[in-house]
Amino acid sequence: MTAVTQTMPAAPLRKTPKGTFDLVFRNASFLAALFVLVLLAGIMLSMVIGGWPAFREFGFGFITSSVWDTQNDQYGAWPAIVGTLSTALIALVIGVPLSLGIAVYLTQLAPPWFKQPVATAIELLAAVPSIIYGMWGLFVFVPLFAAYVQVPLSNIVEGLPLVGTVLYSRSPSGLGIFTAGIILAFMIIPFIASITRDMLEQIPSVLRESAYGIGATTWEVVRHVLVPQAGVSIIGAVMLGLGRALGETMAVTFVVGNANRLSASILDPGSTIASRIANEFNEALGLQLNALIALGCILFFVTFVVLVIARILVSRVKSY
Amino acid sequence: MRKILILAAASIGLSGAVQAADITGAGATFPFPIYAKWAEAYKKETNIGLNYQSIGSGGGIRQIKAKTVAFGATDAPLKGEELTKEGLIQFPTVMGGVVPAINVAGIEAGKLKLTGQLIAEIYLGDIKKWNDPKIAALNAGVTLPDASINPVYRSDGSGTTFVWTDYLSRVSPDWKTKIGANQSVQWPVGIGGKGNEGVSASVKQVANSIGYVEYAYAKQNKLSFALVQNADGNYPAPDDKAFQAAAANANWNEAPGFGISLNNQKGAQAWPITSATFILIHAKPEKPEEAQAALKFFDWAYKSGDELATGIDYVPLPGKVKDMVRAAWKGVVDNSGKPIF
């Protein structure tokens, strides 16, 4: 012991504080990283424990059943799972091309005087709280959508095979799965567009210039130089948007129609996992509460799977 | 320092005593406004407070079964066998009506006439347009738009849904076999709103919609409503008199725990979709003093609460029903078997 303390002063004095700081810094950042894992495990654990009675009661049927009867304590998650996935999918189908278009235009084509206002507007859109999107959707978008899209469309497609099923709405109120998807698309555009724009701007201009130099058109530059370069980041941005679309609650609750049933038409009202929890959590007791927490658990799981798929996609893109 | 401690201890003891005297209850959302009014007035008179959680009828039933409250409240009465099994006494407090609220351009309140059968067909998705020949046949002289009907319902479990679906089950055999009466049912069409507020907001917001709300909500939110044909074939306006007429003609002894439905009662002026709201209390409570305090509160409400009720569009029970309820309270006994009221 004494030998050790005696040898200590022999070490170079200037290095000791730096070494200590390095050690503290290293451990502190390790703890910070560990904290995320512990937090995530804690959330997962509490969801599983809270939802367990529902899983035990209904077994696998909790996922596949479409019955949601609060009075007889029968719960099934299927319509909510389908609603969550389909609204998120619609949001991506609409939102991703628009976002990429915005990002490419802003970085490659827009005149400078137009660039800044649009860029600022996009950042402002990202800062709008979701409940504002919900209220705007309900009071402004929904009546217009019902009057000018849903009603004429229903009249046209009624009775047609397939199209008449998917696009016909039995009560064209403007509320529904498709409306929720559109509102979600508006909400994820700022995320995807601004991240993609940042990424495209960071691509060294020498790459673009040499492509133009060998006679490439703007389209070819975007397609063969910019997109492969920023590919990983674009997928990351899309996944961030998808995460928001899957979990978005208030805005969707306003416009999805809150129907606890599965409809073949994407224009009919439905519900998502998040909207159903928002609707019923306040007054839920007993098994209903367990079922809602179990729904939350499923949402957690779905989001996790989506992120894993995203990781796999990203690593495949990298290998090219 | 010591003085402060004693003072603190005393005040804790005091507040504890006041809290112990508070009556606890939970359940139906429909009577919450009137229970709150009664509680406020009762507190002024007796200094005894009421802690009522409006968590919905289903929650109220579950809470009283779990004995976490002195009384539970429900809009859908329990059946006789369930009351016996759980050892519960059930009695009504006030009544109200449910009205079909509509939002159809150009149709004023009380101008559109509907029958229960038509409403059932609308909510089943069989009648799709406002200018359906069946609706037009009832409404000569009213311009009905060529627009799809958007039915609105309660997305949360509620006594109001029970009253509405119970009425539809009584007038439409089709509804009875396909959907039935319950506090939450599997709606084949339509959009869901949370609470009376959610439904009235949706009806106001969505063009060509029809929903169902408590009369008080419809009135306060100035919603346009339709008239419904009653058992005598008339179309009375929904108001206090029409709800009272439904209660007057009912046979309150018909079901145990006064659990009758006031839907579709006979009477020229009776509003067809009327309901009482009920209180559940244990016949042999674990804490008799709590049950006694609850009964005293409702006795006071029967005596002095009618004016407060009519003030916010609830309908007081007929006097003879109140007497019958008081007689039923003799069934609530303490541990030695003595009636506590």
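Read the figures in this text as sums done on the coordinates, not as results from a lab. These figures come from a predicted structure and were not determined experimentally. Methodologically, a virtual Cβ is constructed for each residue, glycine included, from the backbone with ideal geometry; neighbour enumeration extends over all protein chains shown.
When the stretch A:143-180 is filtered for residues that are β-branched (Val, Ile, Thr) and closer than 30 Å to A:LEU106 by Cα, only A:THR179 remains. With respect to the conditions (1) of a type outside the set (Asp, Glu); (2) more than 14 Å from every other protein chain (Cβ to nearest Cβ); (3) closer than 22 Å to B:PRO318 by Cα, B:PRO100 lacks only one, and its number is (3). Filtering the stretch B:168-190 to residues that are free of Cβ contacts under 8 Å to residues at least 24 places away in the same chain, within 14 Å of chain A (Cβ to nearest Cβ) and not polar (S, T, N, Q) leaves B:GLY180, B:ALA181.
Looking only at residues in the stretch A:264-320 that are of a type in the set (S, T, N, Q), part of a loop (DSSP other than H, G, I, E, B) and touching a residue at least 40 places away in the same chain (Cβ under 8 Å), the one that is farthest from A:LEU45 (Cα to Cα) is A:SER265.
For the stretch A:69-90, the set of residues classified as under 17 Å from A:LEU299 (Cα atoms) and touching a Gly at 6+ places or on another chain (Cβ under 6 Å) consists of A:GLY83, A:THR87, listed by residue number. Checked against the criterion of being more than 12 Å from every other protein chain (Cβ to nearest Cβ) and not aromatic (Phe, Trp, Tyr), the stretch A:280-287 contains not a single residue that satisfies it.
Just to be sure before I move on: is B:TRP164 of a type in the set (Phe, Trp, Tyr) and out of contact with any Pro (no Cβ under 7 Å at 6 or more places or on another chain) in the structure I sent? Full working, then the answer.
On the way: of a type in the set (Phe, Trp, Tyr): yes; out of contact with any Pro (no Cβ under 7 Å at 6 or more places or on another chain): yes.
Against the criterion (of a type in the set (Phe, Trp, Tyr) and out of contact with any Pro (no Cβ under 7 Å at 6 or more places or on another chain)), B:TRP164 qualifies.
Highlighted here are the helices (runs of 4 or more DSSP H) found entirely within the stretch B:280-332 that include at least 2 residues which are over 21 Å from B:PRO31 (Cα atoms): B:288-304, B:319-328. Residues in the stretch B:190-232 that are among the charged types (D, E, K, R) and assigned to a helix (DSSP H, G or I): 3 in all. Total residues in the stretch A:50-88 satisfying the condition of being under 24 Å from the mean Cα position of the chain (by Cα) and of a type in the set (Gly, Ala, Ser): the figure is 7.
Results for (1) surrounded by fewer than 19 Cβ atoms within 10 Å (Cβ to Cβ); (2) among the aliphatic types (A, V, I, L, M), shown as yes or no for each residue.
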site: A:ILE188; (1), (2): no, yes
site: A:THR196; (1), (2): no, no
site: A:ILE203; (1), (2): yes, yes
site: A:SER210; (1), (2): yes, no
site: A:VAL225; (1), (2): yes, yes
site: A:VAL232; (1), (2): yes, yes
site: A:LEU242; (1), (2): no, yes
site: A:ALA251; (1), (2): no, yes
site: A:GLY257; (1), (2): no, no
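For (1) away from chain B (no Cβ under 12 Å); (2) outside any helix (DSSP H, G or I), each residue gets a yes or a no:
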site	(1), (2)
A:GLY134	yes, no
A:PHE139	no, no
A:PRO143	no, no
A:PRO161	yes, yes
A:THR165	yes, no
A:ARG170	no, yes
A:ALA193	yes, no
